[in-house]
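Heads up: the structure comes next, in structure tokens.
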């Protein structure tokens, strides 16, 4: 299947979809709370349904109705011995933590790309806290026999922040107080999102910053059922904000300037490159400008890599995007995906150590680019059609359903022609 994208500018207003990251966290906290919670305005994407199905398989009652999800949590009674997380990395990392609370044999697995995403560091940390788990080298599938007890643990923070979040989410229910020491912390905003979600469900974690590492002291306590309103998603909004900067004008609503989401940083990049940016309490407007090359470190916001690479391709001079190492372990090797596709469209790009160096052009060539089955690659590269010699064709366009099922409709509503064919 292909999507042919043709357009010379965007013009209009859209509403950002709900945050996928907050939706995952709220569903897990609600499942760990004793009683009924509501997750209001969740992200109903493929990854949401992966977590929904996994929790249902573990005996949690969830139902979708009236703009939200009702969750009856507080007790896990697995209905099957195999939990399939499909292609959702967040689901995998969070569910591996959750099953350590269940004292029976469970197998956690997923789709083909998920089996290439690392899990070993989390498994080792859970075993240090009393769990009995096995994995295939550093990768799924994972076999768990439960046994999570608590105590002190040291874990790396430069592989996936989801490992830290997984530990934080289950630690209030340990037999002993849990203290987590994290070195080389990257993607800190995602950990902060976890802490904020826990607070709204009645759990407060003490955080100590020692300079070279962070320490999380998690008290023994219980989650409190609550109604959780999911905020708008900056990761999804970033595509359209960059589209406005490339060619045209766009206003995106339902994104809060007080959000701790990592990808809110796209605003600072857009200001730096020369786009026109205006922002209110829950909206942002971006108009095209004379774009200049930029430097940006994506260590804390790795999901921005494909989008910023596209922006760099159309900015004057040379741009350097650093901190790209962990981007190789997403739904695809995003470094390879970005380099391959930019070269296909006539853009000079190279990798230098932990940096991606892009030399911008006035217009990219027409051509076919591969999504690599990666939703963020597909969405980001569609934006290059705004300044291409003709059309840009995206292979496997429906992979966007992983995070943003309505993306192509939204892009079309802004005046970009989207033609999907077999």
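The values are calculated or read from the model by the stated rules, or taken from the named source; none is laboratory data. From a predicted model like this one, the values you see are computed outputs, not experimental measurements. Reconstructed Cβ throughout: ideal geometry from the backbone, glycine too, with neighbour counts over all protein chains shown.
Quick notes on this structure:
- The condition (being modelled with pLDDT of 95 or more, within 18 Å of residue 10 (Cβ to Cβ) and surrounded by fewer than 18 Cβ atoms within 10 Å (Cβ to Cβ)) is satisfied by just one residue among 387, 363: 363.
- Among the residues of region 267-314, those that are surrounded by fewer than 17 Cβ atoms within 10 Å (Cβ to Cβ) and assigned to a helix (DSSP H, G or I) comprise 268, 271, 272.
- Checking residue 259 against (1) part of a loop (DSSP other than H, G, I, E, B); (2) in contact with a strand residue (DSSP E or B) (Cβ under 7 Å, 6 or more places away or on another chain), the condition it does not meet: (2)
- Put simply, of 58, 82 the only residue that is closer than 20 Å to residue 31 by Cβ, surrounded by 19 or more Cβ atoms within 10 Å (Cβ to Cβ) and more than 21 Å from the chain's Cα centre (by Cα) is 58.
- Near pairs, Cβ below 7 angstrom, 6+ apart or cross-chain, from region 199-223 (at positive phi and at pLDDT below 95) to any residue that is assigned to a strand (DSSP E or B) and surrounded by fewer than 16 Cβ atoms within 10 Å (Cβ to Cβ): none
- Leading residue by the ranking (surrounded by the most Cβ atoms within 10 Å (Cβ to Cβ)) among those in region 188-215 that are closer than 17 Å to residue 150 by Cα and touching a helix residue (DSSP H, G or I) at 6+ places or on another chain (Cβ under 6 Å): 203
- Whichever residue in region 315-332 is without any contact (Cβ under 8 Å) to a residue 60 or more places away in the chain and in a loop (DSSP other than H, G, I, E, B) and, among such residues, is farthest from residue 117 (Cα to Cα): 317
- When the criteria are applied in full, residue 348 fails the requirement of being free of Cβ contacts under 8 Å to residues at least 40 places away in the same chain, surrounded by fewer than 24 Cβ atoms within 10 Å (Cβ to Cβ) and under 24 Å from residue 191 (Cα atoms).
- When residues of region 316-335 are limited to those that are touching a strand residue (DSSP E or B) at 6+ places or on another chain (Cβ under 6 Å) and surrounded by fewer than 24 Cβ atoms within 10 Å (Cβ to Cβ), the one nearest to residue 9 (Cα to Cα): 316
- The set of residues in region 205-234 being assigned to a loop (DSSP other than H, G, I, E, B) and more than 21 Å from the chain's Cα centre (by Cα) consists of 205, 210, 211, 212, 219, 220, 221, 222, 223, 224, 225, 226.
- From 144, 171, 100, 113, residue being in contact (Cβ under 8 Å) with a residue 60 or more places away in the chain, closer than 25 Å to residue 56 by Cβ and buried (at least 23 other Cβ atoms within 10 Å of the Cβ): 100
- Residue 37 being in contact with a helix residue (DSSP H, G or I) (Cβ under 6 Å, 6 or more places away or on another chain) and crowded, with 17+ Cβ neighbours inside 10 Å: yes
- Complete set of residues in region 172-204 that are closer than 21 Å to residue 159 by Cβ, under 24 Å from the mean Cα position of the chain (by Cα) and outside any helix (DSSP H, G or I): 180, 181, 182, 183, 184, 185, 186, 187
- Only one of the numbered conditions (1) under 25 Å from residue 298 (Cβ atoms); (2) modelled with pLDDT of 95 or more is violated by residue 251, and that is (1).
- Reported count of residues in region 114-162, each being part of a loop (DSSP other than H, G, I, E, B) and either touching a helix residue (DSSP H, G or I) at 6+ places or on another chain (Cβ under 9 Å) or under 18 Å from residue 82 (Cα atoms) (or both), is 17.
- Any hit, region 32-42, residues being assigned to a helix (DSSP H, G or I), at pLDDT 95 or above and assigned by TED's automatic domain parsing to the domain that holds residue 170: yes
- Residue in region 56-74 that is assigned to a helix (DSSP H, G or I), within 27 Å of residue 222 (Cβ to Cβ) and in contact with a strand residue (DSSP E or B) (Cβ under 8 Å, 6 or more places away or on another chain) present: yes
- Residue 47 meets the conditions (1) part of a strand (DSSP E or B); (2) within 26 Å of residue 393 (Cα to Cα) in every case but one. The failed one is (1).
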